[in-house]
Amino acid sequence: MRAWVAARVDGAGSGLRLTAGILIWSLGIPVPAHAELYKYVNEDGVTVLDSHVPARYVKDGYTILSLDGRVLEFVSRALSDKEIQERDSARAESAALERSARERKVADQNLLRIYGTPEDVIRARDTKLASIEGFISASQGKLQRLETQKRDLQAEFAAVERGGGTIAPERLESMRGVENRIRLFEREIDGKREEMVQLSLMYSADLKRLRELQGTKPKG
């Protein structure tokens, strides 16, 4: 025979133990050692002590008790959709913060490994920027020569047209080639200038962070 207890509970602790104990002893039913009691609140707001939890109350949460009233486990109520979204959002935010902290730690270790002093960062920056400036200068020289070549071709075409002649297809193809190369060099120069801006920002951030890690201050 399976023992069960159902009662309205007005309190907790000793009240629960007393209620369960009186009912069990009064019934005179042998109870298995693994038997448990369940406490939940019904639709009338009444706390119930029973041998099981009806399915309709499981979502509201319940408490598992030993027969002498000790709390064995507390089962929380089911979360609402909004609460689940908030929980998942909080977990995602926490995970993002942890990931950011790990990435910052690795970046700091690499920074300290690459640069011994803030001056090392400055030298690396100046060397890199000087290299890009040299590339831009060389490209600008080539661009100027191409623009001169384009003007010469334009003058040639104008002279042919004034004389009533026809511009040869190969000369037109030469002009298109020059114009394409001009656009290519212009894009390269613009790209290198943007690269210089981004590198300056990167080295500035590295310099600031290294000083923070080493506890040094800017000179002057």
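Only the coordinates and a few stated rules stand behind these numbers; no lab work does. Predicted model, so just to flag it, every value in this text is computed and none were measured. For neighbour counting, all protein chains shown are included, and Cβ atoms are generated from backbone atoms with ideal geometry for every residue, glycine included.
By other beta-carbon atoms within 10 Å, ranking ASP190, ASP81, ASP50 with the fewest at the front produces ASP81, ASP190, ASP50. Of the residues LEU172, LEU129, GLN144, the one whose Cα sits farthest toward the positive end of the charge dipole of region 70-220, with +1 on the Cβ of Lys and Arg and -1 on the Cβ of Asp and Glu, is LEU129. Defining a contact as two alpha carbons under 8 Å apart and six or more residues distant in sequence, what relative contact order in percent does region 115-214 show? Over region 115-214, the number comes to 52 percent. Note that region 148-159 has calculated 3J(HN,Hα) couplings of 5, 4, 5, 5, 5, 5, 4, 5, 4, 5, 5, 5 Hz, one per residue in order, obtained from phi through the Karplus relation 6.51 cos²θ - 1.76 cosθ + 1.60 (θ = phi - 60°); glycine and proline are x. The ranking of PHE135, PHE185 from fewest to most other beta carbons within 10 Å of each one's beta carbon is PHE135, PHE185.
By the count of other C-beta atoms within 10 Å, a proxy for reagent exposure, MET196, MET202 are ordered fewest to most as MET202, MET196.
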